[in-house]
Structures are given as structure tokens and as C-alpha cells.
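A short reminder: the numbers here are calculations on the coordinates, not readings from a lab. Quick caveat: nothing in here was measured; it's all calculated off a predicted structure. Backbone-built Cβ (ideal geometry, glycine too); neighbour counts: all protein chains shown.
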Amino acid sequence: FTPIFLFHLKTFMFVTLTVTIKNRMSASTKLSTAVKAICYLKDSYPEPKNSTEISAYTGVNASKLRKILSMLVKNNIVESKYGMSGGFILKRKLSTLHLQEVYCAIEDRKAFHLDVNKDLKNQNRDQLKLNEYFLNLFSDIQIDIENKMKDITINSIVKNINSYKKRIRSLK
């Protein structure tokens, strides 16, 4: 795993916050990829797009995209059409699709995965209390993140990006 936050005490107790596991996409990368794919499917609706076409648009490997898209299919966000003219199409309106729904569809782990030293025999009372503190802290942060994502629709993200593009064009 790739450590993002490392806390070290003189007693050699480590608390590591991770969001990336070796050979797996990080939570933020998977979420960003899923949103890009959803936006592309919205723009091409009702024409189905295959993973190669979506890959060309998003810049993400088609194999990784298929994994993400299959999770979106399982959660009724995207639909898969079979056959020669098959591919993926958007099943939900962006105005009713929240970022938290997409996140929960593609993530099998929380944004904050806390890996604490599990060797309880060698930990003193202070170490155990500190571990518990961080576990509770990151649990609260996870809840805050998910609640914030419930307030963000994919449509609002698209509007924000389009507004940014307009500002950039007006500066030229």
C-alpha cells in the first residue's frame, strides 16, 4: 500500500492512513474515472459506447474502465447493451445522480482505510487509546465525506466544469 499519512511515536507505534493499494486504483482516481465515463455517456446518449470509445475519451485503460462500468451497471447507474451495436448507456439523469451513489457503487473500501498495528500484546494502554482515537476520528471524517457527497449531483459537477471552461475562454 502507499502511505499518505504516517504518525510515529517514540514507542514505535505506527498509524497509517491509506487510500491506494498496490496494483489498484485509488478511491479518488476510480471516482474521477467513473464520473468522466458517466459524463461521456450523457453526451453520447442514447447511442451506446463501448469501453474502447470511453477509454479514448477518459484516457483510462479499457480493461480498468470495464471493471468500473460493470460496478455502475450492478448499481443501475449505467446499462449494458449486447450485440454488434452494443455498449454502455446512461440509465440515470445526472440531476438525480449524487456523487455519493457513484462512490458507493465503485468502492469496496472506505476513502479512509486505517491500518493500525494489530499486535495488541506489545502495545501499552496509551498506544491502544491512540489507535482508538484515530479509528474514531477517521470514521467521523468518512461520514462527513459521504454526507458532503450526498449534496453533490453529477449535474452540478458538469455545470461547474462548464462554467470554468467559459471563464477560461473569456480570458483568451
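Residue exposure proxy: Arg169, Arg66, ordered by other Cβ atoms within 10 angstrom of their Cβ from fewest to most, comes out as Arg169, Arg66. Bridgeable aspartates and glutamates around Lys30 (alpha carbons under 14 Å apart, same-chain partners fewer than 8 residues away excluded): Glu101, Glu107, Asp108. Scanning residues 5 or more positions from Ile152 or on other chains, those with amide H under 5 Å from its amide H are Leu99, Gln100, with H placed 1.01 Å from N in the peptide plane. As a rough footprinting exposure proxy, the listed residues Thr58, Thr29 were ranked by other beta carbons within 10 Å of their own, and the order from fewest upward is Thr29, Thr58. Per-peptide packing, taken as the mean over residues of other Cβ atoms within 10 Å, places 153-161, 137-145, 32-40 in the sequence 32-40, 153-161, 137-145 from highest down.
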